[in-house]
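Step one of this worksheet: look at the structure below.
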Amino acid sequence: MTTHGDPASGPSAPAVAAKPPAISESSSYVPPGGPDPIGPGYSPVGPSGGSRPDLRAALLELRAAIAASAYPLVLPSADEARRIGGMVSAQLDDYLLPRLARLDAPLLVVVGGSTGAGKSTLVNSLVQARVSATGVLRPTTRAPVLVCHPSDLAWFRQGDLLPGLTRTSEAGDDPGTLQLIAAPALAAGLAFLDAPDIDSVVDANRALAAQLLAAADLWLFVTTAARYADAVPWELLRTARQRGTVIALVLDRVPFEAADEIADHLAEMLAAQDLGAAPLFVLPETPVDGQGLLPERYTEPLRTWFGRLAADADARDAVVRQTLDGALTALRSAVDSLASAADDQAATADDLGERARAAYRGGRRTVEHGLRDGRLLRGEVLNRWQEFVGTGELFRTLEARVGRLRDRVVAAVTGRPAPGRQLQSAIESQLVNLLRGVAAEAAETAYLGWQTHPSGAALLTPELGRPGADLTERAERLIRDWQRGVLELVRSEAGGKRFVARTAAYAVNAMGLAVMVTVFASTAFIPTGLEVATAGGTTVAAQKVLEAIFGDQAIRTLASRARQDLLTLVDRLLDEELARYLDRLASVEVGAEPGGRLRLAGHAVERARAATALTTDGKPTAPEGAW
């Protein structure tokens, strides 16, 4: 194996970097597996006397903000936001929080690459033991394998890094497990993690590979002479560059005669992607020995490079800090993306809510118009009113005793209810029919408004397209309540009138009916020509009778109050119908200002990162040749 640029001499030794300022303040971080059992070397990044922002606290708030930001509405940005949110949360749990608590913990080198690149063979060869399964079947590595020096095993066993993976000492195929293997030949201070293929045909393997790479202090990226230009590896390499992750590359299975040509081409591609500083190790095509290991003469340069890195605490510290700082910096764009998607959700929820509200506001206006345009004075109400007034019934019923006796006689002989009762029933029926029609139209309008938007269509259920099942019963109760209210209003208003006092409740009922009829005219209580033609002048007759008893201004006030009381009750009914839509929208739990909370949390992380100064003067401090 040779390093590109100096094939004869191999990789340069890691240089000793200037050690960043020590960070020794205490931290309250408790790893997912419980308190840290490793006492010596504990150097968390936390608050400093209350003056410097607490990076850990900022990250925890960001974690909570992401968890509180759901993307339930069907929008183009929702799927991507859920993916990014899941990745950021996983990286916080898997890497950022535990690594911040232990900057001096063993360096984790994740070995990633394409299917068949020889990752497992390379890991086995570097630790000089067959620790990871190899073979011709794909995918070979289904469950990740972590190899470290025996003295480092306790750190990885406690489960701070990658806490979602169950530790095991047995080989297996369960991607939810992490097999831990101690290798005495591997230098203390670093570990190799053999990850599943980044382009595996198994979705779970690809997802796990991405998760593991996000938890790496250093990526050892393995590709082959036949696969180095594939799209998937380059997509992940660009991700690594954006995150600031320290990278080293191995170009495997290169024909001897083409080694320089292929290595030069790959170096050009790396430079074009701003990755030209990453060390490139070239491994020629060669058979493995009886244990399935590569010849030591080819792996020795890379083993030496890692050995020197493991032996240099300052170099390891610089690598960790560079990758950690890069990952924290990369959070900014991810959080901005999440916040924009959350804003989209909130704006869409507001839009859907307004579409439903507008439909029911339109229903309210229809009722208002129905009380003004004379439509309620047609049909049965008009007939009963004319019967009640045109035959002189109104005036006779104002004489309590005569009217009461006459009603009893008529009801007994004909079996028909008194004209006043018939008129009251007609008014009730007319208003109920109006409300049923208005509610049906509003429900249909709201349904169509949601159906034209993908997010709304996904929330709809068939029953939302029609009024509530008990609407008729509620409307009937509403009108009866209103009618009783009108009678109470008349009784209260006429309490001091000598005429009403003489005729008592019977006259109140008659005048109440007159008020109900006049409410169906105009707000000013002055019938238009159309109303006069429609109702045969009956509203004028009712108005004259009431004016004679109450006075002109009093009757205007009486009618206005009765009309407003009716509209208030109608508002309550329509609000109950609207609530079916708003409750459905609320059930998906779109936050009021999730984007704002995410941005505040992101800004807090950025301020804390800058104050913590993981790298010296904001510049990389890892050893030369380490990226």
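We did not get these values from a lab; they are worked out from the coordinates using the rules stated. On a predicted model such as this, the values are computed, not experimentally measured, just so you know. For neighbour counting, all protein chains shown are included, and Cβ atoms are generated from backbone atoms with ideal geometry for every residue, glycine included.
Just grab the label-to-label distance for residue 297 and residue 226, each label 7 Å out from Cα along the Cβ direction, in nm (one decimal).
2.6
Using a 10 Å cut-off around each Cβ, can you sort 221, 306 from fewest to most neighbouring Cβ atoms?
Listing 221, 306 from fewest to most nearby Cβ atoms yields 306, 221.
Residue 582 versus residue 357, label points 7 Å from Cα toward the beta carbon: distance in nm?
Modelled inter-label distance: 0.8 nm.
Of 256, 192, how do they rank once you tally other Cβ atoms within 10 Å and put the fewest first? Walk me through the intermediate numbers first.
Details: 256 9, 192 26.
In order of increasing Cβ crowding within 10 Å: 256, 192.
Which of the peptides 340-350, 119-129 is most tightly packed, and how do the rest follow, judged by the mean count of other Cβ atoms within 10 Å per residue?
Highest-to-lowest ranking by the protection proxy: 119-129, 340-350.
Quickly rank 166-176, 145-155, 476-486, 103-113 as a protection proxy: mean count of other C-beta atoms within 10 Å, highest first. Intermediate results must be reported in sequence, preceding the final value.
Details: 166-176: 12.9, 145-155: 20.5, 476-486: 17.6, 103-113: 23.9.
Going from most to least packed, we get 103-113, 145-155, 476-486, 166-176.
When only alpha-carbon atoms count, how far does region 200-336 stretch along each of its three principal axes, as whole angstroms with the largest first?
Largest first, region 200-336 extends 49, 36, 31 Å along its Cα principal axes.
In nm, give the distance between the simple-model label positions of residue 373 and residue 260, each being 7 Å from the Cα along the Cα-to-Cβ direction.
9.2
Taking the beta-carbon count within 10 Å as an exposure proxy, list 614, 585 from fewest neighbours to most.
Details: 614 25, 585 20.
Ordered by Cβ neighbours within 10 Å, fewest first: 585, 614.
Please give me the summed charge of the neighbours of residue 454: other residues whose Cβ is under 14 Å from its Cβ, Lys and Arg +1, Asp and Glu -1.
Values: positive: 355; negative: 79, 344, 351.
Residues close to residue 454 contribute a combined charge of -2.
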